[in-house]
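Scroll down for the structure; my scribbles are underneath it.
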Amino acid sequence: MPTATTENIAEFVGKSTGTSDWLVIDQEKINQFADVTHDHQFIHVNPEAAAKTPFGTTIAHGFLTLSLLSKFAEGGVIALEGVKMGVNYGFEKVRFVTPVKSGSRVRGHFTLMSADSKVPGQWSLKYAVKVEIEGEPKPALVAEWLTMQFV
């Protein structure tokens, strides 16, 4: 995870801050997410029925891909020096561009869009995030993600 100080964080704005490692989205992960969210639509959990769709297989929930940003952040979100905690603050935009087929590998790319001190010791960082699917020309999702760090 890249680090910065409150004095030099502005130098990172507009620049890539990192790319996460690849993560396999297998059927077990998809099924576990379906159980947690109570979303058992066939396109996610029934390989036989999903095989008859244009996707040819099951696909991950879009919200599963979105929720993995927390994992992907380990490789791309800046930690401010002296950070006491960081929290999700929300999203400006989220688009699910390409379905993630079961068995695919995905990873996150992060670019810092802005870094603002809201009150002393509290920083809002906005990232442009793209989740890439290995071998696919278009990303799984694109988002503008807001995080808050307390120093």
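The values are calculated or read from the model by the stated rules, or taken from the named source; none is laboratory data. Only a predicted model underlies this, so the values are computations on that prediction, with no experimental measurement involved. Backbone-built Cβ (ideal geometry, glycine too); neighbour counts: all protein chains shown.
Can you give me the number of residues within region 25-40 that are of a type in the set (A, V, I, L, M) and under 15 Å from Thr57 (Cα atoms)?
Looking only at region 25-40, we keep the residues that are of a type in the set (A, V, I, L, M), and these are 25, 30, 34, 36.
Those still in the list that are under 15 Å from Thr57 (Cα atoms) too: 25, 30.
Total satisfying the criteria: 2.
The single condition among (1) free of Cβ contacts under 8 Å to residues at least 60 places away in the same chain; (2) in a helix (DSSP H, G or I); (3) over 18 Å from Val142 (Cβ atoms) that Glu74 does not satisfy is (1).
Residues are listed down the side, and each one gets a yes or a no for (1) assigned to a strand (DSSP E or B); (2) surrounded by 12 or more Cβ atoms within 10 Å (Cβ to Cβ):
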position	(1), (2)
Glu7	no, no
Glu11	no, yes
Gly14	no, no
Thr17	yes, yes
Val24	yes, yes
Glu28	no, no
Val36	no, no
His44	no, yes
Glu48	no, no
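Residues that are of a type in the set (S, T, N, Q) and in contact (Cβ under 8 Å) with a residue 24 or more places away in the chain within region 1-58 comprise Thr3, Thr5, Thr6, Ser16, Thr17, Thr19, Ser20, Gln27, Thr37, Thr57, Thr58, listed in sequence order.
In region 105-151, the qualifying residues are those that are out of contact with any Ser or Thr (no Cβ under 6 Å at 6 or more places or on another chain) and among the hydroxyl-bearing types (Ser, Thr, Tyr), and the one that is surrounded by the most Cβ atoms within 10 Å (Cβ to Cβ) is Tyr127. Given the structure, is Thr57 touching a helix residue (DSSP H, G or I) at 6+ places or on another chain (Cβ under 7 Å), at pLDDT 95 or above and of a type in the set (Ser, Thr, Tyr)? Taking the combined requirement at face value, the residue satisfies it.
Of all positions in region 54-64, at least one carries a residue that is under 20 Å from the mean Cα position of the chain (by Cα), aromatic (Phe, Trp, Tyr) and not in a loop (DSSP other than H, G, I, E, B).
Being in a strand (DSSP E or B) and surrounded by fewer than 17 Cβ atoms within 10 Å (Cβ to Cβ) is the filter here, so list the residues in region 77-89 that pass it.
From region 77-89, those in a strand (DSSP E or B) are 79-80, 85-89; that's our starting set.
Answer for region 77-89, where residues must be in a strand (DSSP E or B) and surrounded by fewer than 17 Cβ atoms within 10 Å (Cβ to Cβ): Ala79, Met85, Val87, Asn88, Tyr89.
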